[in-house]
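Inspection log for the structure reproduced underneath, given as structure tokens.
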Ligand code: 13P
């Protein structure tokens, strides 16, 4: 399975940041990493980012609305992202779940909208610090998966991202054993529901991935890549992360 290294720029980046898209695209084109590279800039940059990347890396959205169009002020449909040049979209990021009150069923509708528009849906799950402390993290992620991943998920339309909320932007990461246990658990949940054909669905790890820990994290069994926040904002750091993808055996 080819890994996916995706950068989530969140609400960061204006026109000047297109220079980083150019640098990352150029490095990806010349170094031919053994991974798919995707950057999800703010929506205002998607069109120009896609023009700049010119197919050398993928460009994605950070969220979409379930409907194609309509009276939803401030929202963006999956079709609009596609029209702007995106090939993927993140749905159900914990910042959307927590700050915008998004439910599993709403996230599932967004993932279906992504498929309708021909986009890869990157569906995020992950427990809070309190849920981890209570020992309920496996159950929490299982429930998020069953509620947020629509029927019909396969490796061509879906990527799951495990992002423990307490590891996002904190510099804290789970141990490699904990990452391995959670990814194995997510794999079991997907296989139980979708059968062994779903074994090629990539499960990304996200939360304080840095050049200094990427090699170790990306080598954990069932880790199919990374969803990188802060360290994706600078081309040099992001490059060091996608250079750490282990060779496929
Ligand atoms: P950080 O890499 O900044 O911890 O963010 C992770 C994340 O939320 C990516 O979606």
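Can you confirm whether segment 181-191 contains a residue that is at pLDDT 95 or above, in contact with a helix residue (DSSP H, G or I) (Cβ under 6 Å, 6 or more places away or on another chain) and at positive phi? No - not one qualifying residue is present in segment 181-191. For segment 4-35, the set of residues classified as under 24 Å from residue 248 (Cβ atoms), buried (at least 21 other Cβ atoms within 10 Å of the Cβ) and touching a residue at least 60 places away in the same chain (Cβ under 8 Å) consists of 4, 5, 6, 7, 24, 28, 35, listed by residue number.
Selection over segment 131-147 of residues that are outside any helix (DSSP H, G or I) and over 24 Å from residue 217 (Cβ atoms) gives a count of 1. Can you confirm whether segment 122-130 contains a residue that is assigned to a helix (DSSP H, G or I), surrounded by fewer than 21 Cβ atoms within 10 Å (Cβ to Cβ) and within 16 Å of the ligand (Cβ to nearest atom)? Within segment 122-130, one or more residues are assigned to a helix (DSSP H, G or I), surrounded by fewer than 21 Cβ atoms within 10 Å (Cβ to Cβ) and within 16 Å of the ligand (Cβ to nearest atom).
Restricting attention to segment 216-228 and to residues that are surrounded by fewer than 22 Cβ atoms within 10 Å (Cβ to Cβ) and more than 13 Å from residue 160 (Cα to Cα), the residue that is farthest from the ligand (Cβ to nearest atom) turns out to be 221. If a residue must be more than 12 Å from the ligand (Cβ to nearest atom) and in contact with a helix residue (DSSP H, G or I) (Cβ under 6 Å, 6 or more places away or on another chain), how many such residues does segment 202-215 contain? Residues that pass the stated criteria total 1. Among the residues of segment 36-47, those that are surrounded by fewer than 20 Cβ atoms within 10 Å (Cβ to Cβ) and either assigned to a loop (DSSP other than H, G, I, E, B) or in contact with a helix residue (DSSP H, G or I) (Cβ under 8 Å, 6 or more places away or on another chain) (or both) comprise 42, 43, 47. The selection criterion, being within 11 Å of the ligand (Cβ to nearest atom), at pLDDT 95 or above, farther than 17 Å from residue 137 by Cβ and surrounded by 15 or more Cβ atoms within 10 Å (Cβ to Cβ), does not hold for residue 167.
The values are calculated or read from the model by the stated rules, or taken from the named source; none is laboratory data. Since this is a predicted model, take the numbers as computed values, not measurements. With ideal geometry, Cβ positions are generated from the backbone for all residues, glycine too; neighbour counts draw on all protein chains shown.
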